[in-house]
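One structure below.
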Amino acid sequence: MTSEYDYDAVVIGGGQSGLAAAHHLTGQGLNTAVLEAAEEATGSWPRYYDSLTLFSPAHYSSLPARPFPGDPDRYPHRDEVVDYLRSYAAGLDADIHTDTPVETATSTGSNGFTVTTGSGAVFTTPRVVAATGSFGSPFLPAVPGQEEFGGRILHASRYRNPAEFAGRRVVVVGAGNSAVQIAAELAQHGEVVLASRAPVKFVPQRPLGRDVHFWFTITGFDAAPLGRLVTEAPTQPVLDEGRYRAALAGGRPQRREMFTAFTPEGVVWPDGTRTGVDAVVFATGYRPHLPYLAGTGALTEAGIPRQRQGLSTTHPGLGFLGLEWQRTPSSNSLRGVGRDAAYLVRRLRPATAQQREHAR
């Protein structure tokens, strides 16, 4: 097959999802290319905020065939994950092209796909795995008065550390792990409010003396194929040993119901009171980042993949990885994406073979 194409499979994105896909594709004997826009295949991890630590222990934070090194019970820091991915990529039997952003991935019908990069390079293949995650498409909700606000508005994807917010009045929007972690960190340096539409839900990090991921694993919840039942990814509860619950109970940060509007100086709360604010950080999640598939029919008008458990429902030979709740509760995580990658690669037939089957 490779004689007809440049590669048997092209993976777009060299983060955790793309690397897991490459592991399973090369394991099937497929000549595989990984196209990564950044200077190295470590995904979005280098761009996360400085203090980020995993909410799952190292033991439950591995990609296929390579355990996370070091103490298995610790919670690895962001930079440890970057080092782990760097090492994982180096051990793959795939051609990894860095500094190679993809512009378009176009179906050529019975001839598979043509993938074109920003430099004009072209790769032909019968299989494409779209594994570019969501970090490139942060979601910012529209709030009345936003254009008139004189302070700073940013998404959590652009937050790095509290130094630039010291002594400032900050509102963090969200109720998930990142929102609470960022708000608690900022509250040590200034006046901070955590704004959310619903109260924060906490889950004990270590019930009965074992990390919650131990219980997720032995009960089968982590790998349960529940994705088909979820139409919209729910806000994940905050995993906590007590630190964040205590911080909120102590008012650092203060928690309030989501504000209704911006003013030039700050925000308006549901009871009509107004507060001066210097900055608002939206930890409001992301949307799939798949601009290279725009106009192909593979996405809805909202940019959501038309897929079933990772397999495109519109384009034979096209698969997706790293979507929230793609198949299981852990699909978009280090511990879960390997299972999804194995499932996808087993079922991802080359475009030509799938089209012959459909024609029968």
Handout entry: Some residue of segment 132-147 being at pLDDT 95 or above and over 30 Å from ALA187 (Cβ atoms)
Key = yes
Exercise for the section: Run PHE262 past the list (1) open to solvent by 20 Å² or more (accessible area, probe 1.4 Å); (2) in contact with a helix residue (DSSP H, G or I) (Cβ under 6 Å, 6 or more places away or on another chain); (3) under 30 Å from ARG152 (Cα atoms) and report the number of the one that doesn't hold. Expected result: (1)
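For every residue, the table says whether it meets (1) crowded, with 19+ Cβ neighbours inside 10 Å; (2) outside any helix (DSSP H, G or I); (3) at positive phi.
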residue: ALA179; (1), (2), (3): yes, no, no
residue: ALA183; (1), (2), (3): yes, no, no
residue: ALA195; (1), (2), (3): yes, yes, no
residue: ALA224; (1), (2), (3): no, yes, no
Handout entry: Answer from ALA9, ALA90, ALA22 - the residue that is over 16 Å from THR132 (Cβ atoms) and over 17 Å from the mean Cα position of the chain (by Cα)
Key = ALA90
Practice task
Restrict the check to segment 226-239 and report whether at least one residue is crowded, with 18+ Cβ neighbours inside 10 Å, more than 26 Å from GLU185 (Cβ to Cβ) and either in contact (Cβ under 8 Å) with a residue 12 or more places away in the chain or of a type in the set (D, E, K, R) (or both).
Solution key: yes
Completion exercise
Filtering segment 15-35 down to residues that are of a type outside the set (Ser, Thr, Tyr) and open to solvent by 20 Å² or more (accessible area, probe 1.4 Å) yields GLN16, HIS23, HIS24, GLY27, GLN28, GLY29, LEU30, ASN31
Completion exercise
(1) of a type in the set (A, V, I, L, M); (2) touching a residue at least 40 places away in the same chain (Cβ under 8 Å); (3) open to solvent by 40 Å² or more (accessible area, probe 1.4 Å) all hold for ALA142 apart from (2)
Practice task
Name the residue, out of GLY167, GLY136, that is over 16 Å from PHE282 (Cα atoms) and either part of a loop (DSSP other than H, G, I, E, B) or of a type in the set (Phe, Trp, Tyr) (or both).
Solution key: GLY167
Exercise for the section: For PRO46, indicate whether it is closer than 30 Å to LEU186 by Cα and in a helix (DSSP H, G or I). Expected result: yes
Practice task
Counting only residues that are out of contact with any helix residue (DSSP H, G or I) (no Cβ under 7 Å at 6 or more places or on another chain) and within 19 Å of LEU35 (Cα to Cα), give me the strands (runs of 3 or more DSSP E) lying completely in segment 266-323 with at least 1 of them.
Solution key: 318-320
Practice task
With the checklist (1) touching a strand residue (DSSP E or B) at 6+ places or on another chain (Cβ under 6 Å); (2) of a type in the set (Phe, Trp, Tyr); (3) at positive phi in hand, flag the one item TRP325 doesn't pass.
Solution key: (1)
Exercise for the section: Keeping to segment 54-96, report how many residues are open to solvent by less than 40 Å² (accessible area, probe 1.4 Å), under 29 Å from ILE218 (Cα atoms) and not small (Gly, Ala, Ser). Expected result: 12
Fill in the blank from the handout: Subset of segment 335-347, residues open to solvent by less than 10 Å² (accessible area, probe 1.4 Å) and either touching a Cys at 6+ places or on another chain (Cβ under 9 Å) or not in a helix (DSSP H, G or I) (or both), comes to GLY336
Handout entry: Test set (1) in contact with an Asp or Glu (Cβ under 9 Å, 6 or more places away or on another chain); (2) modelled with pLDDT of 95 or more - VAL172 fails condition number
Key = (1)
Practice task
Filter segment 266-287 for residues that are touching a Gly at 6+ places or on another chain (Cβ under 7 Å), among the β-branched types (Val, Ile, Thr) and surrounded by fewer than 17 Cβ atoms within 10 Å (Cβ to Cβ) and give the result.
Solution key: THR275
Handout entry: Cβ pairs under 8 Å, 6+ apart, first in segment 58-76 and at positive phi, second surrounded by 15 or more Cβ atoms within 10 Å (Cβ to Cβ)
Key = ALA65/HIS23; GLY70/ALA58; GLY70/PRO76; GLY70/GLU80
Exercise for the section: Evaluate the following for ASP99: is it in contact (Cβ under 8 Å) with a residue 60 or more places away in the chain, part of a loop (DSSP other than H, G, I, E, B), at negative phi and open to solvent by 60 Å² or more (accessible area, probe 1.4 Å)? Expected result: no
Practice task
Give just the number: which of (1) basic (Lys, Arg); (2) within 18 Å of the chain's Cα centre (by Cα); (3) under 19 Å from ARG127 (Cα atoms) does ARG346 not satisfy?
Solution key: (2)
Problem - In segment 242-265, the residues that are in a helix (DSSP H, G or I), among the small types (Gly, Ala, Ser) and without any contact (Cβ under 8 Å) to a residue 60 or more places away in the chain - result: ALA246, ALA249
Exercise for the section: Give the residue, chosen from SER44, SER51, that is touching a Ser or Thr at 6+ places or on another chain (Cβ under 9 Å), open to solvent by 10 Å² or more (accessible area, probe 1.4 Å) and not acidic (Asp, Glu). Expected result: SER44
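The values are calculated or read from the model by the stated rules, or taken from the named source; none is laboratory data. Source: prediction; values computed, not measured. Every residue, glycine as well, gets a Cβ built from its backbone with ideal geometry; the counts of neighbours run over all protein chains shown. Heavy atoms of the whole protein, side chains included, go into the accessibility calculation; ligands, DNA and RNA do not. Shrake-Rupley method; radii C 1.70, N 1.55, O 1.52, S 1.80 Å.
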